[in-house]
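K.L.:
Sharing a structure below in structure tokens format, with a few things to ask.
What follows is calculated from the coordinates using simple rules that are stated; it is not laboratory data. Bear in mind the structure is a predicted one, so any value in this text is a computation, not a measurement. Cβ placement follows ideal geometry from the backbone for every residue including glycine, while neighbour counts extend to all protein chains displayed.
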Amino acid sequence: MSEEILGVIGGTGLSGIEGLEGAEKQELDTPFGKPSGAYLCGTLYGTRVVFLPRHGAGHVLMPSEVNYRANIHGFRQLGVRYVLSVSAVGSLKEDIPPGDMVLPTQFIDRTRGRAGTFFGGGAVAHVQFGDPVCPRMVAAVASVLKEQGVRFHAGCTYVAMEGPVFSTRAESELYRSWGAHVIGMTSIPEAKLAREAEICYATLALSTDYDCWHQTEDEVSVEAVVQLIARNISTAKQIIAGLCRQFPPLGFCKCQQALEGALLTPVDMIPAETQKRLGMLAGRFFK
């Protein structure tokens with residue numbers, strides 16, 4: 001059996017992981033272009049870890065500019081089948097104050113024009129996405145949060161908005177009326193692409209503000225978000241370290257078999273160029 005590797009996607013404020021043994025950077029090219037930056041590879045508490053800053057070194061990429069396909073494909077090129085995505089979110093609920101951690105299990109996609117699939121170009125596939133995160137990964141992260149006494153909320157719904165502008169009050173109230181718990185800009189299409197890549201994926205969301213719906217709180221600002229993230233990043237790193245100590249997650253899920261039965265196009269009709277582009281993800285179906 002190949003070695004199990006934990007991939008970590010760093011969001012705002014999480015630009016690296018300290019303590020990685022044998023750390024080295026790897027620059028990759030993918031069939032879908034260049035990832036956000038170099039992958040940092042090393043070992044933490046006996047677990048192989050691959051880290052990627054989602055927005056690039058120095059936070060130079062807006063959410064709409066991130067090459068999500070290249071990022072996820074790059075993880076697969078490095079042998080990663082488990083990914084923890086760390087991201088900042090705004091809270092849509094009174095009982096999720098800034099500073100709390102959130103484990104979303106559902107998403108509402110309000111993004112526009114992002115490349116959200118590896119398929120196309122003569123190959124059509126439809127993967128199941130009713131439960132969009134890996135139950136094993138969520139359970140493992142929740143176990144670490146409980147062990148470390150970190151206040152968190154599980155079973156939440158995450159609204160993925162386009163950005164980079166924050167919500168209007170009307171939009172914020174609309175999402176609250178839908179029963180959504182948090183709002184962010186990056187977990188979609190990450191989660192969709194991870195499912196197509198047969199990667200076990202979970203989001204660790206850091207609540208940074210009350211969006212703009214909370215009339216008694218100041219309207220969300222970049223300065224306030226950055227200040228809160230700075231306080232929470234050390235906690236996020238502790239959670240990653242705790243996950244490494246008990247990695248890989250226990251139990252069974254279907255994430256790593258997500259493409260079984262999903263490909264609709266007969267193989268002999270898929271262009272050779274498309275088969276080559278999809279080779280790492282779906283090559284077993286082209287034989």
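K.L.:
Tell me which DSSP H helices of the chain clear both cut-offs, 15 Å or more of axial length from alpha-carbon atoms and a mean Kyte-Doolittle hydropathy of at least -0.5.
P.N.:
Once both thresholds are applied, what remains is 135-147, 222-245.
K.L.:
Give, rounded to the nearest 20 debye, the magnitude of the charge dipole that the chain has about its Cα centre when Lys and Arg contribute +1 at Cβ and Asp and Glu contribute -1 at Cβ.
P.N.:
760
K.L.:
Counting only DSSP beta bridges with both residues in the chain, tell me the antiparallel percent, nearest 5.
P.N.:
35
K.L.:
In the stretch 65-98, which residues have a backbone nitrogen under 15 Å from the label point lying 7 Å from W178's Cα in the Cα-to-Cβ direction?
P.N.:
In the stretch 65-98, the label zone of W178 (backbone N under 15 Å from the point 7 Å along Cα→Cβ) covers 90-93.
K.L.:
Also, quick follow-up: Just order 116-123, 154-161, 165-172 by mean Cβ neighbour count inside 10 Å, highest at the front, would you?
P.N.:
Highest to lowest by the protection proxy: 154-161, 116-123, 165-172.
K.L.:
Something else: Taking the beta-carbon count within 10 Å as an exposure proxy, list I17, I199, I9 from fewest neighbours to most.
P.N.:
Going from sparsest to densest Cβ surroundings: I17, I199, I9.
K.L.:
Mind checking which of G122, A241, P104 is farthest towards the positive end of the chain's charge dipole, using Cβ charges of +1 (Lys, Arg) and -1 (Asp, Glu) about the Cα centre?
P.N.:
So the residue furthest toward the plus end is G122.
K.L.:
In what order do H55, H73 fall by count of nearby beta-carbon atoms within 10 Å, going from fewest to most?
P.N.:
Ranking H55, H73 by Cβ neighbours within 10 Å, fewest first, gives H55, H73.
K.L.:
Still on this model: Between T265 and D95, with labels modelled 7 Å along Cα→Cβ, what's the label distance in nm to one decimal, could you check?
P.N.:
4.7
K.L.:
How many nm is it between the label spots at Q227 and Q246, if each spot is 7 Å from the Cα in line with the beta carbon?
P.N.:
Computed distance between label sites Q227 and Q246 equals 3.5 nm.
K.L.:
Quote to one decimal, in nm, the extra length available between E21 and H126 on full extension: 0.36 nm per residue of separation minus the C-alpha distance between them.
P.N.:
Contour length minus the Cα-Cα distance gives 33.9 nm.
K.L.:
State to the nearest 20 debye the size of the charge dipole of the stretch 221-287 about its Cα centre, where the only charges are +1 on K and R beta carbons and -1 on D and E beta carbons.
P.N.:
260
K.L.:
So which of K25/K287; K237/K276; K192/K276 end up more than 31 Å apart by C-alpha?
P.N.:
As for pairs spanning more than 31 Å Cα to Cα, those are K25/K287; K237/K276.
K.L.:
Of V182, V86, V150, how do they rank once you tally other Cβ atoms within 10 Å and put the fewest first?
P.N.:
V150, V86, V182
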